[in-house]
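For reference, the structure discussed in these notes is given below.
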Amino acid sequence: MPQAGTARQADCTAAPACRNTASLEDADAGLESGRAAKDPLHVSCIPPTSDDWDSRGAAPVAPDGVVTLRAGLLLGLAMLVFAAGSYAALRHGRPEPAMWPDAAAEPLGVGALGRIEPASGIRRLGQPGGTAVARLERLFVEAGDVVAEGALLAEFADTPQRDALAAHARAAVAEARANLDRVRAGGRPSEIAAQRARIAALAVQEELAQREAERTERLVPTGAAAAVVADRNRVAATRLAAERSQAEAELDTLLSSRPEDIALAEARIAAAEASLAKAAADADLARVRAPLAGTILRIIARPGEQVGTDGLLEIADVTCMDVVADVYETDLARLRIGLSAEIVVPGEEGRFVATLRDIGWTVRRQTQGNTDPVAAVDSRTVEVRLALDDAGSAALRRRSNMQVHVAIRP
């Protein structure tokens, strides 16, 4: 009996398996033949029907080949998913190295510290050289005033004294010129007439003295006249003759101008004019005038104060602004006139455009202040100038001496 039961159970177990195998073969030959042709790993399995279950409700058992194929497919799929995840994790954790450009193909820019400055430079006007009094008397401008070239800005306390000396020199020049005119014109008619009358009187006196001298000389041998009297009369006659000759020479001078007299008068005029020029220059030193058309940036001294070494005021033309930068000497090879640059101003959102317009001629120590404690303060630099465009000049015309950052593009 046990053997019969076992045989019957084996028959029941084998029957569904056979039917399942037949069903798989029908499916592979039928509806799913197209998909199997496209995918050689595809396996179709039609689930068993209720007739395939045994009387005890046990599930049918698939053939060994089908089970092995399914397990291989699942294992391969799992390995594929694992490999894809590992590759994605590696790419996310270790990014690809960046491709750096070739330094020789793309030249580097130049960065530097700079300051804003008017293109004309800032002129500091102070005490004129050689002035004895440096006290400011009057001030005619204030900060922000726009002045023309040569405009009077201030006067010192010794201005009236210097003006008086200049006026005296002008009077001396006028006197010297009048003397030259008199010399060229000769004597006046009245002077000429008086001189001629004087000559005539001297001639009469000379003639009388000559006669008297001759008469006394004839009486000396007879003893009627002393020899002393004769000598006196002879000397008197000689003196009157000399006076007449002098008067005639003066008359000639009145009648015509001598070249040497004209030259002397002209020399006196030149000396007077030189004295006037010196006096006028001294008077101008007592005044401060604008050396250029521009804007008054700062007033340093006020009326009544002594003007020291700090000066009186500062003036500049702020219509055109520059940026003065210190570039390291090793970066000079990459600079040329006309390069564009960007200016970064602290507190400003945007950047300003500038153009390199001048490169200095000397190498010196860095002049721009730097708050970096490890900065190379003894670096050797060259001063360069960059011209701001119209918009930058208008926006930064009140930022003179402000420190900025400069980036010069190659």
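The values are calculated or read from the model by the stated rules, or taken from the named source; none is laboratory data. If you're wondering where the values come from, they're calculated on a predicted model, not measured in any experiment. Virtual Cβ from ideal backbone geometry, glycine too; neighbours counted across all protein chains shown.
I'm trying to understand the selection: among the residues of segment 347-376, which are in a loop (DSSP other than H, G, I, E, B) and modelled with pLDDT under 85?
Gln366, Thr367, Gln368, Gly369, Asn370, Thr371, Asp372, Pro373, Val374, Ala375, Ala376
Could you check Ala225 against (1) surrounded by 13 or more Cβ atoms within 10 Å (Cβ to Cβ); (2) under 30 Å from Ile269 (Cα atoms); (3) modelled with pLDDT under 75 and say which number it fails?
(2)
Here is a yes/no grid of residues against (1) surrounded by fewer than 13 Cβ atoms within 10 Å (Cβ to Cβ); (2) closer than 30 Å to Glu155 by Cβ; (3) modelled with pLDDT of 85 or more; (4) touching a Gly at 6+ places or on another chain (Cβ under 7 Å):
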site: Leu219; (1), (2), (3), (4): no, no, no, no
site: Ala230; (1), (2), (3), (4): no, no, no, no
site: Ala237; (1), (2), (3), (4): no, no, no, no
site: Arg289; (1), (2), (3), (4): no, yes, yes, yes
site: Leu297; (1), (2), (3), (4): no, yes, yes, no
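In segment 75-181, which strands (runs of 3 or more DSSP E) lie fully inside it and hold 3 or more residues that are buried (at least 17 other Cβ atoms within 10 Å of the Cβ) and modelled with pLDDT of 95 or more?
Hits in segment 75-181: 110-118.
List the number of the failed condition for Ala267; all other conditions in (1) over 30 Å from Ala143 (Cβ atoms); (2) surrounded by 17 or more Cβ atoms within 10 Å (Cβ to Cβ); (3) small (Gly, Ala, Ser) hold.
(2)
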